[in-house]
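I have placed the structure first, in the form of structure tokens, so that the comments after it can refer back to it.
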Amino acid sequence: DTGVSQDPRHKITKRGQNVTFRCDPISEHNRLYWYRQTLGQGPEFLTYFQNEAQLEKSRLLSDRFSAERPKGSFSTLEIQRTEQGDSAMYLCASSLGTSGINEQYFGPGTRLTVT
Amino acid sequence: GENVEQHPSTLSVQEGDSAVIKCTYSDSASNYFPWYKQELGKRPQLIIDIRSNVGEKKDQRIAVTLNKTAKHFSLHITETQPEDSAVYFCAANSGRGGFKTIFGAGTRLFVKA
């Protein structure tokens, strides 16, 4: 499968624990995005990378969230001290291009449940 | 801040009828407007997109229109089929360089056979 992959697909954790998710984009794609999606809502932008540089981060993202893309390939999203409100589907997407006009390809998502 | 509003939230049509979903956006610098289809339990997939230098684009049974002056754009699906049943999201690019994508809340489309 040469599409965007995410791991794990599901994660159940207790409140206060840290979790880390991984995203592997389509190999030649230089841009990588993280979104959060809750039931009945559209994907909510969290952050994006161009190669290894994190270029924009949502103001809605608290300091408990951090993302990295150390070698410009895969990316990780870490949530520290999880809260019940963090329960959601976390989607990763990637795209190729140097402008804002580019098709994003989504991964299957990681569903996080915080108990 | 940037915002995309989408209506209706739910739409039910008879097979063969047309469906129209409407969106408005707030960032006047937005120049790219994709539409995604998300089936239950699956990832969003791009079905059509339009750039700001074009007023209308068509791909088989799907068409999008854009009115930059009014900051609204619409998705039109003709001759709907049961397999068109899904959630549809409109989106607009925004932010520095236009790399951020802002999504609408989605429209759940039911096509009754």
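What follows draws every value from the coordinates through simple rules; no lab data is involved. Not measured: the values here are computed from a predicted model. We place every Cβ from the backbone using ideal geometry, glycine too, and count neighbours over all the protein chains shown.
Note on A:GLU68 and B:HIS7: with the Förster distance fixed at 30 Å, the Cβ-Cβ geometry gives a FRET efficiency of about 0.20. Per residue of B:81-94, other chain Cβ atoms within 10 Å of the residue Cβ number 1 on average. Note on B:SER52 and B:GLU79: the extension gain reaches 7.0 nm, defined as 0.36 nm multiplied by sequence separation minus the Cα-Cα distance.
The alpha-carbon of B:LYS112 sits under 25 angstrom from the alpha-carbons of these lysines, leaving out residues fewer than 8 places away in its chain: B:LYS22, B:LYS37, B:LYS42, B:LYS58.
For the range B:18-113, the relative contact order works out to 31 percent when only alpha carbon pairs closer than 8 Å and six or more residues apart are counted.
Spin-label pair A:GLU83-B:ARG61: with each label point 7 Å from Cα along the Cα-Cβ axis, the two points sit 4.4 nm from one another. Taken over the alpha carbons of chain B as equal point scatterers, the Debye sum produces base-10 log I(q)/I(0) values at 0.12, 0.17, 0.20, 0.22 Å⁻¹ of -0.38, -0.76, -1.03, -1.21. Averaged over the residues of peptide B:41-53, the number of Cβ atoms from other protein chains lying within 10 Å of each residue's Cβ is 3. Full extension of the chain between A:THR115 and A:LYS14 yields a length gain of 35.9 nm, computed as 0.36 nm times the residue separation minus the alpha carbon distance. Cβ-Cβ distance of A:LEU39 and B:LYS112, R₀ of 41 Å, FRET efficiency by 1/(1 + (r/R0)^6): the value works out to about 0.95. Between A:ARG22 and A:ARG59, full extension at 0.36 nm per residue minus the direct alpha carbon distance yields a gain of 11.1 nm.
Cross-link candidates for A:LYS71: which lysines have Cα within less than 23 Å, leaving aside residues fewer than 8 places away along the same chain? Qualifying lysines at Cα under 23 Å: A:LYS57, B:LYS100.
Only Cα pairs under 8 Å and 6+ residues apart enter the sum, and on that basis the relative contact order of chain A stands at 36 percent.
The shape of chain A comes out prolate: with a ≥ b ≥ c from the C-alpha gyration tensor, a/c is at least 1.5 and a/b beats b/c. Legend: mean number of C-beta atoms from other chains within 10 angstrom of residue C-beta atoms, peptide B:98-107, equals 6.
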